[in-house]
Amino acid sequence: MASSEITLEAVPSATDIPAAEWDACANPAGDPNGLEQLDTLAPREIHSCAVSKPAYNPFVSHAFFAAAEASGSASPRTGWAARHLLARLGGDIVGVVPCYLKSHSQGEYVFDRGWADAYERAGGRYYPKLQVSVPFTPATGPRLLIRDGVDREQIGSALARGLMALCDATGASSVHVTFAREAEAKLLGAHGFLQRNDQQFHWHNEGYATFDDFLTSLNSRHRKAIKRERREAISAGITIHHLTGSDITEEAWDAFFTFYMETGSRKWGRPYLTRKFFSLIGESMSRDVLLVMARRNGRWIAGAINFIGSDTLFGRNWGAVEHHPFLHFEVCYYQAIDFAIQRGLKIVEAGAQGEHKLARGYLPQTTYSAHFIADPDLRRAIADYLKRERAYVAEVGRELTEAGPFRKTADEA
């Protein structure tokens, strides 16, 4: 490269960054043909979780951000104004941080509304703030996207400093890096970002060949309960279908969007994603999408959308227009486990919250975020709170893991 100087800039749209440059930073283990070579659709020929694949996270791909923004889902109008941070070395893009200037705290899943209320009662202005995340997506993944072949620590530190400078330049109160990898959160911590932990429930593939193999790892009470739930979920003449790649038609997206709007409107008032978003990801990344759809009497009645990574199946949104006992568990959790076993995936991330997932074989997993708070008084108050919160999260995680459904002794078979 012509120069070793790192320069930083913020751009207002993912489309201002060439897709190949973004993806070289987001999923650097692959080559330019990596997504075509990564056959997430083909069933496994061997039942082993050790099959070597390039690391790939669909949520940090350029296609996902471009769809979120072009569809109007993440836009200035909805309070998500892109300020993606770029690091250049010798003119080449070597780092990207997906970042948004936000006027609210919706669609994030790491809750800071209490911080905002307290600061504003004290006379401060919490919004705008900077949010480093995948919009509307509580899934762990890289947040400091760094190209292979460079000094990752050097670029990471430059990006951390760049985020703090961007906070000052935009008049934001804070920077929030959510659902980061643990190592990234610690790197940011070394630059003054506060550390926050939470938990989700993830399923781990212990080399199971079939769903029944997984069931044998559970104690008898939970094993029987899951078998009963799976039978009852489809007892009303319901059939379950996996759609991915070219199988996902606009008709299927229409049905799924109806489910999404019906359930999302009841849960949080205004669903975040537009209908156009689903068409766009259908065009650009359908091979990374799994729709699990339920059908009864010739029509789709429920469905869940999942995204396929190289070793993880990410469960996202669910919805239904008919409600049947245990159908939610079947479509969202048991079918995801089945698919992961068939494809040799190591993990199923089942999204945010939900202790009911524990009885279905999903165990607590710590999630990490990092927060730069510009005001020193607010920073001290939040730091004290987070210290106590981390201890609480760790203790709850230990208790829930101990209460999990897995066999602890041979006589529980």
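The values are calculated or read from the model by the stated rules, or taken from the named source; none is laboratory data. Remember, predicted model here, so these are calculated numbers, not experimental data. Here Cβ is always computed from backbone atoms with ideal geometry, including for glycine, and neighbour counts include all displayed protein chains. For the accessible areas, the whole protein counts, side chains as well, though only heavy atoms, and no ligand, DNA or RNA atoms are used. Shrake-Rupley method; radii C 1.70, N 1.55, O 1.52, S 1.80 Å.
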- Message: Taking the Cα centroid of segment 306-348 and of segment 159-173, what is the distance between the two, rounded to the nearest whole Å?
- Response: 38 Å
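Using only the Cα atoms of segment 273-413, build the gyration tensor, take square roots of its eigenvalues as a ≥ b ≥ c, and label the shape rounded, prolate or oblate: rounded if a/c is under 1.5, else prolate if a/b is larger than b/c, else oblate. List each step's numbers first, then the result.
Working: a/c = 2.16, a/b = 1.32, b/c = 1.64.
Oblate is the answer for segment 273-413, as a/c is 1.5 or above yet b/c matches or exceeds a/b.
Evaluate the charge dipole of segment 109-244 about its Cα centre and quote only its size in Debye, nearest 20, assuming +1 on the Cβ of each Lys and Arg and -1 on the Cβ of each Asp and Glu.
Numbers: 18 positive and 15 negative charges, 86 e Å.
So the dipole magnitude of segment 109-244 works out to roughly 420 debye.
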- Sorted from largest down, give the three principal axis spans of the alpha carbons of segment 102-159, whole angstrom values. 47, 23, 14
- Message: For the full complex of protein chains and a 1.4 angstrom probe, list Arg390, Arg77 by accessible area with the highest value first.
- Response: Arg77, Arg390
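Quick one: compute a quarter of the convex hull surface over the Cα atoms of segment 127-227 and quote it in nm².
On the way: hull surface 40.5 nm².
Directional mean of the projected Cα hull area for segment 127-227 stands at 10.1 nm².
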- Average projection area in nm² (convex hull over Cα atoms of segment 221-278, one quarter of hull surface): 6.1 nm²
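Run the helix sum for the chain: -39,500 (n - 2.57) per DSSP H stretch of 4+ residues, divided by residue count, reported at 222 nm to the nearest 500 deg cm²/dmol.
Details: 12 runs with 142 residues, N = 413.
About -10500 deg cm²/dmol.
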- Message: Taking the full set of protein chains and a 1.4 angstrom probe, give the accessible area of Tyr368 in square angstrom, rounded to the nearest 10.
- Response: 50 Å²
- Which one, (i) 19.0; (ii) 20.6; (iii) 22.6, gives mean projected area of the Cα convex hull in nm² as derived from the coordinates shown? (ii)
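Which of the three applies to segment 277-332, rounded, prolate or oblate, going by the alpha-carbon gyration tensor with a ≥ b ≥ c and a/c under 1.5 meaning rounded?
Values: a/c = 2.70, a/b = 1.59, b/c = 1.70.
Oblate is the answer for segment 277-332, as a/c is 1.5 or above yet b/c matches or exceeds a/b.
Thinking of segment 354-395 as a set of Cα atoms, what percent of all their pairs are more than 13 Å apart? Don't jump to the answer; show the numbers that get you there.
On the way: 567 of 861 pairs.
That fraction is 66 percent.
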- Could you tell me, in Å, what Rg and Dmax come out for the Cα atoms of segment 189-347? 17.1, 58
